Amino acid sequence: MSPTTADETDLVQLLTPEGERVQHPDYQFDGDDAEIAGYLRDMVLGRRLDTEATALQRQGELGLWASLLGQEAAQVGSARALGPNDVVFPSYREHAVALCMGVDPVDLLGLFRGVDLGDWDAEGTRFRNYTLVIGSQTLHATGYAMALERDGMVGNGSAEQDAAVVAYFGDGATSQGDVNESFVFASSYNAPVVFFCQNNQWAISEPMSRQSRIPLYRRASGFGFPGVRVDGNDVLAVRAVTERALDRARNGGGPTLVEAYTYRMGAHTTSDDPSKYRLADELETWRLRDPIERVKALLRTSGAADERFFADLAQEADDLAADLRRRCLQLQAPDLHAMFADVYAEQTDYLTAQQQTFREYVDSFETGADQQSTTEVSR
Amino acid sequence: MTRMTLGKALNAGLRRALEADPKVLLAGEDIGKLGGVFRITEGLQKDFGEHRVIDSPLAESGIVGTAVGMAMRGYRPVVEIQFDGFVYPAYDQIVTQLAKFHFRTRGRQRLPVVIRIPYAGGIGAIEHHSESPEAYFAHTPGLKVVTCATPHDAYWMIQQAIASDDPVVFLEPKRRYHDKGEVDESASPLPLHQAQVVRPGRDVTLLAYGPMVRTCLDAAAAAEEEGRDLEVVDLRTLSPLDTATVVASVQRTGRAVVVHEAQQNLGLGAELAARISEHCFYNLEAPVLRVAGYDMPYPPSRVEHQYLPDLDRVLDAVDRSMAY
Ligand SMILES: Cc1ncc(C[n+]2csc(CCOP(=O)(O)OP(=O)(O)O)c2C)c(N)n1
Ligand SMILES: [Mg+2]
């Protein structure tokens, strides 16, 4: 079996690319039309946020942006399966998950604008920090899950009392030692963690086949826990599969690997040029599997949404984008002087002295000691 | 003589090494079709094939660890770490394995592996993409650590590193990749582990390497207008350090300022200051001063210009040195 083509027999799908509901022997989606319309809203807002951030990068307002384009269903379907105590350890592309969890989208931009290092309320939102070092967060997620279990938050019989963790990572990340070690730890300690791999087929320029010769979800069995591959562009299936995995984790059943089979429709980041390594045909194939279009088709046919609904949603998305842009432009560079205090919990005398030296150095320009260089330093 | 960028010079040097020795292999993430995220290996897979220019799985420990194994079979792997901040998953393989084999085997096992790392800041990147990890490697016996500052050196030093029978950490100043300069392909190059006085001067010695060499040359040019004559030494080799060139310079000037992007605490400046005080004690007119990154994690890019040594900070240190 080729790892780079979807094998229909092992892909959980509940909504076809054409927008038709289909049955699956093991999974079903029980939500109503309003819930589906809600997912559509999440996905549309997520995509709009992403488009605006890409535009901001093009205009020099962000240093870089990692687009989620094409991965909206994988992110929204999994985020909407979370219970009230569940915690997410993201990678760096999970902007739609953040949106669903109530992170203020402008807070996502700071890291990419170069004004902070990812400065949202990671505890309050339960959407932890972005991690740029590939795979590291899967170990943190596992350790966090082990701690939840110690704290008696597993197996009490309700999502209100129990908690689980979702670790997001990519197909490329599955090659990292850290990710494989997290599988070992989670399995060994039966930790309440869901490993949510967005297999978007590419790790920058490297295709899936460079990382694995078997479908990724099947790796799980070697570590001793279940793996399932879901159509990552089908928000209903992702929701159903993730919910099952989370229930299992919260009930003390241990980890699950979910492979959301999807596609990175855009470049790896705004610095990347995919025309160097992949064919336009592939993009066209996946365009027909768009995660948003199929939900629109479903809602149209079922009569649950009319054109007015879609128009209002588009307007809401534009408003979000306008607000995001306005507030992005207001994000200011931090005060480096203050950052000396952020290095340690218990400040050292050495660093306090260095901070003082820095202050005096900067002030020496401001008092006009060297007029010409003032702009250099306060630029 | 050909005028080219530092990045192109590395590409040309790698090409020449691949041509010269069939045992030379390149490996790393995205180095094949894409030519690496900085395009340093552009076109090499096309010309030398997928067996010699290898796209690796996304695993740095694996990249270095398998390079060790291939070197044991007589290959000369040149691996690319995509960014400085991503070398740490490979740190174990580098310091516990690669660096020690020669010693452990009483000299029987040579591991001619080159680890190329685009390093240091100044390009407005997000976190983990602007770090200067040289001291971690220079501190490790068994590794050699070098860094180039000009296209000419890039072209020659990469070939010399590949030809070396010791493991070499080869640091590439990413913000200078687009700097242009003359490359003399027929020159006989300076030995790899030799520093170079790139601007002679009488008043103060500026000791720099990699991205800071140009910063120091700019500072020296600015100081000249104020009547100060600064000498600039491009260290080129960080381990081993070329103590002789450094000492000779400081004995002439009596003053030294070390400039590096890496955090100050236990950076190369500390070792240089110690060696200078050991060898030049009676020549010194001032203590050795350091201009370095502050002792904090690399900050967000919008303030990196305040964090990084620049012309003003170098001249400020020169003033302080001269004031003694
Ligand atoms: C340890 C480490 N090595 C290399 C990189 C550079 N890098 C950033 S993203 C990426 C590819 C990641 O691919 P994947 O895991 O599939 O996630 P995707 O970007 O496709 O979402 C690489 C190699 C990194 N960030 N961290
Ligand atoms: Mg991927």
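Restricting to Cα pairs below 8 Å that are 6+ residues apart, what does the relative contact order work out to for chain A? Please round to a whole percent.
It rounds to 23 percent for chain A.
Report the relative contact order of segment B:68-127, percent, no decimals, based on alpha-carbon pairs under 8 angstrom and at least 6 residues apart.
50 percent
How big is the dipole moment of the protein assembly as shown about its Cα centre under a simple scheme where the beta carbon of each Lys and Arg is +1, that of each Asp and Glu is -1, and everything else is neutral? Debye, nearest 20, please.
In debye, rounded to 20, the protein assembly as shown gives about 2400.
Could you check the spin-label model distance between B:Arg110 and A:Ala341? Points 7 Å from the Cα along Cα→Cβ, value in nm.
5.7 nm
With the convex hull built on the Cα atoms of chain A, state its orientation-averaged projected area in nm².
Directional mean of the projected Cα hull area for chain A stands at 21.8 nm².
Kindly write out, for segment A:334-341 in residue order, the coupling ³J(HN,Hα) from the Karplus curve 6.51 cos²θ - 1.76 cosθ + 1.60 (θ = phi - 60°), rounded to whole Hz, with x marking Gly and Pro.
Rounded to whole hertz, the list is x, 8, 4, 4, 5, 5, 4, 7.
Taking θ as phi - 60°, what are the ³J(HN,Hα) couplings along segment B:172-187 by the Karplus curve (6.51, -1.76, 1.60), each to the nearest whole Hz, with x for Gly and Pro?
With coefficients 6.51, -1.76 and 1.60, one gets 10, x, 4, 6, 9, 3, 9, 5, 9, x, 7, 10, 9, 6, 10, 5 Hz.
When the expected Rg is taken as 2.2 N^0.38 Å, what fraction or multiple of it is the alpha-carbon Rg of segment B:196-323?
Against the empirical 2.2 N^0.38 Å value, I get 0.98 for segment B:196-323.
Using R₀ = 45 Å, calculate the FRET efficiency as 1/(1 + (r/R₀)^6) where r is the Cβ-Cβ separation of A:Val362 and A:Glu35; round to 0.05.
0.25
Using just the Cα positions, wrap segment B:104-218 in a convex hull and report its mean projected area in square nanometres, one decimal place.
Taking a quarter of the hull surface, the average projection is 9.2 nm².
Mind listing P(r) for the protein assembly as shown? All alpha-carbon pairs, 10 Å bins, whole percents.
3, 14, 22, 24, 19, 12, 6, 2, 0, 0
Let me know the charge dipole size of segment B:196-323 about its Cα centre in debye, to the nearest 20, where only the beta-carbon of Lys, Arg (+1) and Asp, Glu (-1) is charged.
With only Lys, Arg, Asp and Glu charged at Cβ, the dipole is about 240 debye.
For A:Val12, what residues show an amide H to amide H distance below 5 Å, using hydrogens built from the backbone and excluding near sequence neighbours?
Counting only residues 5 or more places away or on other chains, the set is A:Arg229, A:Val230, A:Asp231.
Residues with amide H under 5 Å of A:Val193's amide H, sequence separation 5 or more or different chain, H placed in the peptide plane at 1.01 Å from N; which?
Answer set, sorted by chain and number: A:Val165, A:Thr256.
Can you give me the long-range amide H partners of B:Val291? Hydrogens built in the peptide plane at 1.01 Å from N, cutoff under 5 Å, separation of 5 or more residues or another chain.
Placed amide hydrogens put B:Val258, B:Val259, B:His260 under 5 Å from B:Val291.
At what distance in angstrom do the alpha carbon centres of segment A:21-43 and segment B:164-194 lie from each other?
Segment A:21-43 and segment B:164-194 have Cα centres spaced 58 Å from each other.
Going from the alpha-carbon gyration tensor of segment B:161-266, what semi-axes, largest first and in whole Å, does one get by taking the root of 5 times each eigenvalue?
24, 17, 15
Against the longest alpha carbon principal axis of chain A, how many degrees, from 0 to 90 and to the nearest 10, is the axis of helix A:307-329 turned?
Helix A:307-329 sits roughly 20 degrees off the main axis of chain A.
So what is the relative contact order for segment A:128-285, in percent, with contacts set as C-alpha pairs under 8 Å and at least six apart?
Normalised by residue count, the contact order of segment A:128-285 is 25 percent.
What ³J(HN,Hα) values, in whole Hz, does the Karplus curve 6.51 cos²θ - 1.76 cosθ + 1.60 give for segment B:71-83 when θ = phi - 60°, with x put for Gly and Pro?
So the Karplus estimates, Gly and Pro as x, are 5, 5, 9, x, 7, 10, x, 10, 9, 9, 9, 4, 9 Hz.
Report, for segment B:2-183, the % of DSSP beta bridges that are antiparallel, rounded to 5.
The answer is about 15 percent antiparallel.
In a GNM of chain A with a 10 Å cut-off on Cα contacts, which of A:Ala191, A:Ala304, A:Ala260 has the highest mean-square fluctuation?
The residue with the greatest mean-square fluctuation here is A:Ala304.
For labels at B:Glu19 and A:Asp273 in the simple 7 Å Cα→Cβ model, what's the distance in nm?
Here the answer is 2.4 nm between the modelled labels.
Farthest toward the dipole's positive end in chain A, which of A:Ala164, A:Met153, A:Val230, given Cβ charges of +1 (Lys, Arg) and -1 (Asp, Glu) about the Cα centre?
A:Val230
Among A:Pro25, A:Ala338, A:Thr352, flag the residue with its Cα farthest along the positive direction of the charge dipole of the protein assembly as shown, charges on Cβ as +1 for Lys/Arg and -1 for Asp/Glu.
A:Pro25
How much of the DSSP beta bridge set in chain B is antiparallel, as a percent to the nearest 5?
The answer is about 25 percent antiparallel.
Take the alpha-carbon centre of segment A:179-219, take the same for segment B:133-152, and report the distance between them in whole Å.
34 Å
Hey, what D do you get for segment B:2-183 in µm²/s if you plug the Kirkwood alpha-carbon radius into Stokes-Einstein at 10 °C and 1.306 mPa s?
Estimated via Stokes-Einstein, D reaches 99 µm²/s.
Under a Cβ-only charge scheme (Lys and Arg +1, Asp and Glu -1), can you give me the dipole magnitude of chain B about the Cα centre, in debye to the nearest 20?
It comes to approximately 1040 debye.
Give the residue from A:Ala53, A:His140, A:Met208 lying farthest towards the positive end of the charge dipole for chain A; charges sit on Cβ (+1 for Lys and Arg, -1 for Asp and Glu) and the dipole is referred to the Cα centre.
Towards the positive end, the residue furthest out is A:Met208.
Helix-derived [θ] at 222 nm for chain A: sum -39500 (n - 2.57) over DSSP H runs of at least 4, divide by residue count, nearest 500?
Helices in chain A give a 222 nm mean residue ellipticity of -13500 deg cm²/dmol.
Could you rank the peptides A:262-272, A:230-240 by their average count of other C-beta atoms within 10 Å per residue, with the highest value first?
For the peptides A:262-272, A:230-240, the packing ranking is A:230-240, A:262-272.
If you build the convex hull over the alpha carbons only and average its shadow over all orientations, what do you get for segment B:277-324? Give it in nm² to one decimal.
4.3 nm²
Considering only DSSP beta bridges with both partners in segment A:33-329, what is the antiparallel share in %, to the nearest 5?
10 percent
Could you tell me the center-to-center distance, by alpha carbons, between segment A:271-306 and segment B:257-305 in angstrom?
Computed from Cα coordinates, the inter-centre distance equals 54 Å.
If Lys and Arg each add +1 and Asp and Glu each add -1, what is the summed charge of the other residues whose beta carbon sits under 12 Å from the beta carbon of B:Pro287?
The answer is +2.
Once the mean 1/r over all distinct Cα pairs of chain B is inverted, what Kirkwood radius in angstroms do you read off?
Kirkwood hydrodynamic radius for chain B: 19.9 Å.
No value in this document is a laboratory result; all are computed from the given coordinates. For clarity, every value in this text was computed on a predicted model and none was experimentally measured. For neighbour counting, all protein chains shown are included, and Cβ atoms are generated from backbone atoms with ideal geometry for every residue, glycine included.
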